[in-house]
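See below for the structure under consideration.
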Amino acid sequence: MKDRGYFGSFGGAFLPEVLVATFEELDIHFQEVRRDEQFWRAYEDLMGSYSCRPTPLTFARNLTRHFGGAKIYIKREDLNHTGAHKANNVMGQGLLVQKMGKKRVIAETGAGQHGVACATMAAKFGFDCTIYMGEVDVMRQRPNVFWMEQLGATVVPVTDGTRILKDAINEAFRDWVTNMDTTHYVLGTACGPHPFPQMVTFFQSIIGKEARGQILEIEGQLPRRVYACVGGGSNAMGLFSGFMDDPVELVGVEAAGKGLDTGHHASRLCSDDASPGIAQGYKTYFLQDDDGQMKETHSISAGLDYVGVSPILADMHDKGQARFEGATDAEVVEALKLTMKLEGIIPALESTHAFVQAFKEAPGLSTKDCIIINQSGRGDKDIFTVADALDDPKWKSFIRQKAGQYA
């Protein structure tokens, strides 16, 4: 990595002058704790006592039997407190905020899991908390909005632009510019200006460290491949970090939406629709037109509906250190149904993208091989979206009855 957080030609910190001092302060504090073994032990203790770590590595016996080929293991980040891998990052940043002496945190959220995790962290540490969320995502993730507010956070619907994750990030940065002295921005994914990609990866690396140790203990060998969905890249970098120096293939799965050939998707690294650019303070692959204007994105999953991607993953893509595939909305729904019926596990729609690709490839591997899928979150947050996708008549009847009660 070069100075100022570059990964190959990607990354950096493209900042307005007013934010430079704030980022320098953040980088100084982060680099101190990154090298502090005592800080990491305190972090692990917090995650063990408050967030159910280590999360289990579950052998998916029925799915393995169904597909044949490699043994399928699932890293259960859905059993983390607040239901997703997001707690790993926000609790780590919470400890950092305490060290910096700030009293207020802000965050952006798409699927809402990062928002809930951040609101939870703020409640535990006694911080004021404001969450920015695109208006579209507020509508499709209403249960998470409810919990954020009950936890004491102020949720601000963002009505600018396409009203999704990228617009929420923009609003969070606007807030930070005017409240730098008292406020820390808890960015939720491995994107943005340096040191955020490195910092989020650092805290999420607990996933890969655990998974590597667990699979060696269970199977006595490394996995042939590991799979993770890719929105911004936090859960993928978390899992991949544990296997970067091993002969293990790293597979990231993006949102192919209605199809890569339709233009209605959010695939940056496995489509021809993205190109390198600079936005939101860093350089990476963005879905943009020839004039550098950001395109609209689409995914059944709010958390993957993002126009950019981690600069670390962008560099890994260009260097061939990881492979990236796409899963369509339709494939995701079918994989979710199969996983629920065969394993009694309900992955988040985001996570299910990784399941899609693993299911395609497991039958072609040897029965002596094993693979790991990172289940980055649980699917209860997606009940409205999934019920709509399945066109469930009982659910529709329930919604009409509830609506009638409040009419």
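Evaluated against (1) part of a helix (DSSP H, G or I); (2) assigned by TED's automatic domain parsing to the domain that holds Glu325; (3) surrounded by fewer than 20 Cβ atoms within 10 Å (Cβ to Cβ), Ile215 falls short on exactly one condition, (3).
Among the residues examined, Met316 qualifies as out of contact with any Gly (no Cβ under 7 Å at 6 or more places or on another chain), surrounded by 24 or more Cβ atoms within 10 Å (Cβ to Cβ) and closer than 24 Å to Leu57 by Cβ.
Quick grid of which residues meet (1) surrounded by 13 or more Cβ atoms within 10 Å (Cβ to Cβ); (2) in a loop (DSSP other than H, G, I, E, B); (3) of a type in the set (A, V, I, L, M, F, W, C); (4) not assigned by TED's automatic domain parsing to the domain that holds Leu79:
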{"residue": "Glu296", "(1), (2), (3), (4)": "yes, yes, no, no"}
{"residue": "Ser299", "(1), (2), (3), (4)": "yes, yes, no, no"}
{"residue": "Ala330", "(1), (2), (3), (4)": "yes, no, yes, no"}
{"residue": "Lys337", "(1), (2), (3), (4)": "yes, no, no, no"}
{"residue": "Thr367", "(1), (2), (3), (4)": "no, yes, no, no"}
{"residue": "Ile373", "(1), (2), (3), (4)": "yes, no, yes, no"}
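Determine whether Tyr306 is crowded, with 22+ Cβ neighbours inside 10 Å, aromatic (Phe, Trp, Tyr), on the phi < 0 side of the Ramachandran plot and outside any loop (DSSP other than H, G, I, E, B).
On the way: crowded, with 22+ Cβ neighbours inside 10 Å: yes; aromatic (Phe, Trp, Tyr): yes; on the phi < 0 side of the Ramachandran plot: yes; outside any loop (DSSP other than H, G, I, E, B): no.
Criteria not met by Tyr306.
Here region 218-268 is the region considered, the condition is being outside any helix (DSSP H, G or I) and polar (S, T, N, Q), and the residue that is nearest to Ala302 (Cα to Cα) is Ser267. Consider region 144-157 and keep the residues that are at pLDDT 95 or above and crowded, with 21+ Cβ neighbours inside 10 Å. The one that is farthest from Asp305 (Cα to Cα) is Ala153.
Whenever a residue of region 27-38 is touching a residue at least 60 places away in the same chain (Cβ under 8 Å), its partners that are of a type in the set (D, E, K, R) and surrounded by 11 or more Cβ atoms within 10 Å (Cβ to Cβ), lying with C-beta atoms within less than 8 angstrom and at least six residues away or across chains, give the pairs His29/Lys99; Val33/Lys99. Applying the criterion of being surrounded by 23 or more Cβ atoms within 10 Å (Cβ to Cβ) and in contact (Cβ under 8 Å) with a residue 60 or more places away in the chain to the residues of region 255-282, the residue that is nearest to Val230 (Cα to Cα) is Ala255.
On the basis of being under 18 Å from Ser205 (Cα atoms), crowded, with 20+ Cβ neighbours inside 10 Å, over 20 Å from the mean Cα position of the chain (by Cα) and not assigned by TED's automatic domain parsing to the domain that holds Glu343, does Phe30 make the cut? When the stated conditions are applied, Phe30 passes them.
In region 1-17, the residues that are more than 17 Å from Gly277 (Cβ to Cβ) form Cβ pairs under 8 Å with partners that are modelled with pLDDT under 95 and of a type outside the set (Gly, Ala, Ser), at six or more places apart or across chains, as follows: Pro16/Val177.
The values are calculated or read from the model by the stated rules, or taken from the named source; none is laboratory data. What you are looking at is a predicted structure, and each value in this text was computed from that prediction instead of being measured. Cβ sites come from the backbone with ideal geometry, for glycine too, and all protein chains shown count toward neighbours.
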